[in-house]
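Structure first, then comments.
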Amino acid sequence: MAEFTMTKDADGVAVITWDLPGKSMNVLTLQGIEELSALTEEALGDDTVKGIVITSGKDTFAGGMDLNILAEFKQSGAEGVFEGTMRGHKMLRTLELAGMDPKTKKGGKPVAAALPGTALGIGLELPLACHRIFAAPNPKAKIGLPEIQVGIFPGMGGTTRLVRKLGVMSASPFLLQAKMSSPEQAVKAGIIDEVADDPVAAAKAWVLQATEADLVKPWDAKGYKVPGGAPYHPAGFQTFVGANAMIMGNTWGAFPAPKAMLSAVYEGLMVPFDTALKIEARWFTKVIMDPSSSAMIRSLFINKEALEKGAVRPDVPDQKVRKVGVLGAGMMGAGIALVSAQAGIEVVLIDQKQEAADKGKAYTESYLDAGIAKRKTTPEKKDEVLSRITATTDYNALADADLIIEAVFEDVGVKAEVTKNVEAVIPDDCIFATNTSTLPITELAKASKRPEHFIGIHFFSPVEKMLLVEIIKGAETGDVATAKALDYVRQIRKTPIVVNDARFFYANRCIIPYINEGVRMVTEGVEMPLVDNAARLLGFPVGPLQLTDETSIDLGVKIAKATKAAMGNAYDDTTDEIMFWMADNGRLGRKAKAGFFDYDEKGKRQGYSDAVQEKFPAKSDQPDVTEVQHRLMMAQVLEAVRALEENVLMDIREGDVGAILGWGFAPWSGGPFSWLDMLGAAKAVEICDHLTETCGERFTCPALLRDMATKGETFYGRFGAKAKAA
Ligand code: NAD
C-alpha cells in the first residue's frame with residue numbers, strides 16, 4: 001500500500017497526502033522517499049497542475065524519520081549513508097525549486113505544506129523545503145527538531161534551512177536544545193508561516209494566488225544575507241564563539257552530534273546553499289557512522305519505547321489503575337500523588353496527621369500554580385487535578401483502591417505495620433507496592449498476607465521530573481502485580497524497568513559504587529575537581545562529589561550504616577572516615593550549604609571546599625584523567641554486569657535505558673552494556689585486570705565478561721536476540 005497518494009482538484013491543485021498504512025503517526029521510510037520523489041516529479045511535470053499541497057491523512061503531520069531504518073541505512077557504509085542522504089536532499093531541493101528556471105527563478109509551481117498537527121524531525125524538514133507552511137491550531141501539536149536528543153541532528157536540510165531562515169542565534173534553541181513549539185509559537189519564531197483552521201483549504205488558496213516572487217527562498221534570491229550575520233561578519237563571528245563555548249559547556253565534548261551540527265552550520269554558511277547541503281550531508285554521515293548515534297537511538301528511542309509499550313509485561317488482562325492509595329505524604333508520597341492525579345487517577349493520600357496529609361496535597365497545588373504562572377496549565381485543569389486527591393488520615397478511604405503505594409519512613413517495622421493496617425481494609429485483589437529504596441522486597445513482603453500481590457515500585461526523586469520507575473519483583477510476586485505496576489507506570493507516562501529483588505535493586509546498586517569510587521579517590525589524595533571533571537568529560541551530568549552533595553551526606557551515612565549492619569565483615573569501609581567526618585562537621589551537602597563544595601547564602605555552589613581539602617590533602621602526584629575515568633566507569637558497569645549475571649537484571653535493554661534515565665549514565669554511550677560493547681569485552685577485561693591490581697578486588701572481572709572476551713562476543717550480540725523476542 002502506498003505511503004503517499006496524490007489527487008488533483010478541479011482548480012489544478014495537486015494534493016499529496018502522507019498516510020503511512022498501519023501506523024498512528026507518519027514516519028518517513030526509504031519507500032516513502034521514493035514515492036514522494038515520484039509524485040513530486042509527476043506533479044511538476046504535469047501541465048494541468050498549478051501547484052502542490054502536501055498534507056497528512058492523520059491528525060498529525062509526521063513524527064520524523066523511521067529511526068529503525070537508520071540502523072539498516074548504516075549497513076551500507078559511509079558512502080551509502082552519504083548517497084542516501086543526498087537522495088533525500090535532491091528530493092527536497094526539487095520540491096523547493098519546483099521547476100523554476102535556475103537563472104531567472106521563474107516558471108516554478110507553488111508548493112505549500114498543510115500540517116494538521118505535530119510535525120517533528122523530517123516531518124518539519126519537509127515543510128521547511130516548501131514555499132509556505134500552514135498549520136492547524138491544534139493544541140496537541142508539537143513543532144520541532146528533536147534529533148539531537150537521540151544523538152543525531154537534522155540531516156535532511158533542516159539544519160541548513162532553519163539557520164538560513166532564522167539566523168544562527170535564533171535557530172540554536174530549536175537545533176541544539178530540541179525546543180518544541182506550538183503552531184502559534186512556531187509562527188512567532190518564524191519557523192512556519194500561518195495558523196489556519198483548515199490548513200489544506202488555506203494552502204490551496206495560497207497556491208492559487210502565489211506569485212513567482214513568493215516561491216523564491218531568501219537563500220535563492222540575489223543578495224541574501226544570513227540573519228544576524230555569517231561567520232565572517234563580526235556579529236556572526238561572536239555568535240559562533242558563544243555557540244561553541246555553550247556546546248562545550250553543556251556537553252563537555254562527550255556528545256558527537258552537537259559538535260558536528262555546529263561544524264555543518266559554520267562551514268555551510270560560508271558557501272552557496274547547495275554546497276551547504278552537501279556539507280550537512282557529510283557531517284550527518286559522520287554522526288550516523290559514529291557508534292554513539294546507533295547506541296543512543298537504540299536505547300533512547302527504540303528500546304525506551306518498547307519498554308513503555310510493555311515489552312516485558314506478563315500476559316495478563318489490562319490492569320489499568322482507577323484509584324491509588326498513597327501511604328506517607330512526605331517528599332516521595334506528595335510527588336507520587338501529583339503524577340497520579342495528573343494522569344487522571346483518583347488518589348487517597350494518607351499520613352499520620354491531617355496537617356501532614358494536607359501538606360502533601362499542597363505540593364500538587366503549588367506545582368500547578370507554578371505551571372499556571374508559566375502558562376503550562378490552567379486554573380480549571382488545576383482544580384480538576386486537585387479534586388482527584390483526597391488527603392486524609394482515615395485508612396477506610398482505601399476500601400475501593402486497586403493499587404497502594406507505600407512511601408512511609410524507610411524502616412522495616414513502620415512499613416510492616418502500615419502493610420498490616422492497609423491490608424485490613426483493601427479489597428483482596430488490590431496490589432500493594434512499596435517505594436522503598438534500600439529494603440529487600442521479599443523481606444517487606446513477609447508482613448503481607450498475600451505476597452503474590454506485593455511488589456516494589458521505586459520512584460526517583462523528584463518524582464515529577466525523573467522519567468524512570470524501577471519495578472522490583474519479590475520472590476513471591478505474581479504476574480498480576482507486575483502487570484499492575486507496569487500499567488500504572490504507563491498511565492503516568494514514565495519508563496519502567498522490571499528487576500528481581502536484591503540489595504539496592506539495579507539503579508542504586510550501580511550509583512552507590514560510582515559515588516563511593518569518587519569519594520574514595522578524595523581520601524587517596526586525588527584532587528576533587530579531577531574526580532568530578534573526569535566524570536563530566538565522560539558525559540555524566542554531574543560528577544560523583546557533586547552528586548553526593550545533591551543527594552546529601554547524611555543519606556550516604558545512613559546507607560553506609562545499614563549496609564554495614566546487613567553485610568558484616570564483607571562491608572568495605574574505605575569511605576566511612578570522610579563521610580562520617582563530613583556528617584559530624586555539619587557538611588551535609590547542598591541542603592546544609594556545606595559539603596564537598598562551599599555554597600553561598602542562597603545555596604549556590606562556590607567551589608570545592610578548602611576544609612575538606614585540608615583534612616584530606618591532595619597528593620603532589622595526580623593520576624591520569626583516563627585512570628580516574630576507568631575507575632568511575634568500571635565501578636558502575638561492573639555492577640550492571642553482575643546484576644545481569646545474578647538475574648537481578650533480566651534484559652540488557654532495561655539495564656541500558658534504566659541507567660540513562662535513572663542516573664544520567666553517559667547518554668552518548670547508550671548505557672553500560674552499549675558502552676562495554678563499544679569498548680569491546682577484551683579491552684574491558686584488560687582494564688578490569690589492571691584496576692584489580694592497582695586498586696583492589698572490587699574491580700575483579702565478572703566471569704560473564706571474561707567469557708565474552710574469550711569468545712569475542714558483545715552484549716547485544718549475545719543477549720540482543722532474547723531482548724528482541726521478549
Ligand atoms: P519523608 O520522610 O519525606 O516522608 C515519609 C512520610 O511518611 C512522612 O510524611 C511521615 O509522616 C509519613 N509516615 C510515617 N509513618 C507513617 C504511618 N505509619 N502512616 C502514614 N504515614 C506515615 O520520606 P521520603 O523521602 O518521602 O521517603 C519515603 C520512602 O520513599 C522511603 O521508603 C524512602 O526510602 C523511599 N524513597 C525515597 C527517595 C528519596 O530520594 N527521598 C527516593 C526513592 C525512594
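The values are calculated or read from the model by the stated rules, or taken from the named source; none is laboratory data. It should be emphasised that the depicted structure is a prediction, and the values quoted were computed from it without experimental measurement. Neighbour counts are summed over all protein chains in view; Cβ atoms, including those assigned to glycine, are modelled from backbone coordinates with ideal geometry.
A few notes on this one:
- Options Ala481, Ala445, Ala416, Ala401; residue that is within 13 Å of the ligand (Cβ to nearest atom) and modelled with pLDDT of 95 or more: Ala416
- Against the numbered list (1) assigned to a helix (DSSP H, G or I); (2) more than 16 Å from the ligand (Cβ to nearest atom); (3) out of contact with any Lys or Arg (no Cβ under 9 Å at 6 or more places or on another chain), Gly539 comes up short only at (1).
- Test: Glu406 is surrounded by fewer than 17 Cβ atoms within 10 Å (Cβ to Cβ) and modelled with pLDDT of 95 or more: no
- The set of residues from the range 160-218 being hydroxyl-bearing (Ser, Thr, Tyr), in contact (Cβ under 8 Å) with a residue 60 or more places away in the chain and more than 22 Å from Leu95 (Cα to Cα) comprises just one member, Ser172.
- Taking the criterion of being without any contact (Cβ under 8 Å) to a residue 24 or more places away in the chain and either within 12 Å of the ligand (Cβ to nearest atom) or of a type in the set (Gly, Ala, Ser) (or both), the residues of the range 363-376 that qualify are Ser366, Ala370, Gly371, Ala373.
- Checking the range 476-498 against the condition returns a match, with at least one residue being of a type in the set (Ser, Thr, Tyr), part of a strand (DSSP E or B), assigned by TED's automatic domain parsing to the domain that holds Val348 and touching a Leu at 6+ places or on another chain (Cβ under 7 Å).
- Pairs where the first residue, in the range 449-461, is within 12 Å of Val489 (Cβ to Cβ) and the second is hydroxyl-bearing (Ser, Thr, Tyr) and away from the ligand (no atom under 16 Å from the Cβ), C-beta under 7 Å, 6+ apart: Ile455/Thr477; Ile455/Thr482
- One residue from Val408, Val385 being among the hydrophobic types (A, V, I, L, M, F, W, C) and within 11 Å of the ligand (Cβ to nearest atom): Val408
- Selection status of Ser292, polar (S, T, N, Q), within 16 Å of the ligand (Cβ to nearest atom) and surrounded by 20 or more Cβ atoms within 10 Å (Cβ to Cβ): no
- Tallying residues that are near the ligand (Cβ under 10 Å from one of its atoms) and part of a loop (DSSP other than H, G, I, E, B) within the range 448-469 yields 5.
- Filter pass, Ala281 being outside any loop (DSSP other than H, G, I, E, B) and in the same structural domain as Ala221 (by TED's automatic domain parsing): yes
- Options Leu124, Leu166, Leu115, Leu176; residue that is assigned by TED's automatic domain parsing to the domain that holds Thr17 and over 24 Å from Leu269 (Cα atoms): Leu115
- Condition check for Thr434 on (1) within 20 Å of Asp501 (Cβ to Cβ); (2) within 13 Å of the ligand (Cβ to nearest atom); (3) more than 32 Å from the chain's Cα centre (by Cα); (4) modelled with pLDDT of 95 or more: one failure, at (3).
- Residue within the range 428-442 that is touching a helix residue (DSSP H, G or I) at 6+ places or on another chain (Cβ under 6 Å), more than 22 Å from Met331 (Cβ to Cβ) and not basic (Lys, Arg) present: yes
- Subset of the range 601-637 [assigned to a helix (DSSP H, G or I) and over 30 Å from Gly680 (Cβ atoms)]: Asp610, Ala611, Val612, Gln613, Glu614, Lys615
- Qualifying residue in the range 681-692 (condition: basic (Lys, Arg) and either touching a Lys or Arg at 6+ places or on another chain (Cβ under 9 Å) or within 14 Å of Ala507 (Cα to Cα) (or both)): no
- Which numbered condition Met678 misses (of (1) without any contact (Cβ under 8 Å) to a residue 60 or more places away in the chain; (2) surrounded by fewer than 21 Cβ atoms within 10 Å (Cβ to Cβ)): (1)
- Residue match in the range 528-536 (condition: part of a loop (DSSP other than H, G, I, E, B) and not β-branched (Val, Ile, Thr)): no
- Being aliphatic (A, V, I, L, M) and part of a loop (DSSP other than H, G, I, E, B) is a property that does not hold for Met91.
- Of all residues in the range 148-188, those satisfying the criterion of being basic (Lys, Arg) and more than 22 Å from Leu300 (Cβ to Cβ) are Arg161, Arg164, Lys165, Lys188.
- Some residue of the range 696-705 being charged (D, E, K, R), under 29 Å from Tyr571 (Cα atoms) and exposed (fewer than 14 other Cβ atoms within 10 Å of the Cβ): yes
- If you go through the range 311-352 and keep only what is near the ligand (Cβ under 7 Å from one of its atoms) and over 10 Å from Ala391 (Cβ atoms), you end up with Leu327, Gly328, Gly330, Met331, Met332, Gly333, Gln352.
- Counted residues, the range 549-591 - those being within 16 Å of the ligand (Cβ to nearest atom), in contact with a Gly (Cβ under 9 Å, 6 or more places away or on another chain) and not in a loop (DSSP other than H, G, I, E, B): 10
- Against the test of being farther than 30 Å from Arg490 by Cβ and surrounded by 15 or more Cβ atoms within 10 Å (Cβ to Cβ), the options Leu262, Leu300, Leu307 yield a single qualifying residue, Leu262.
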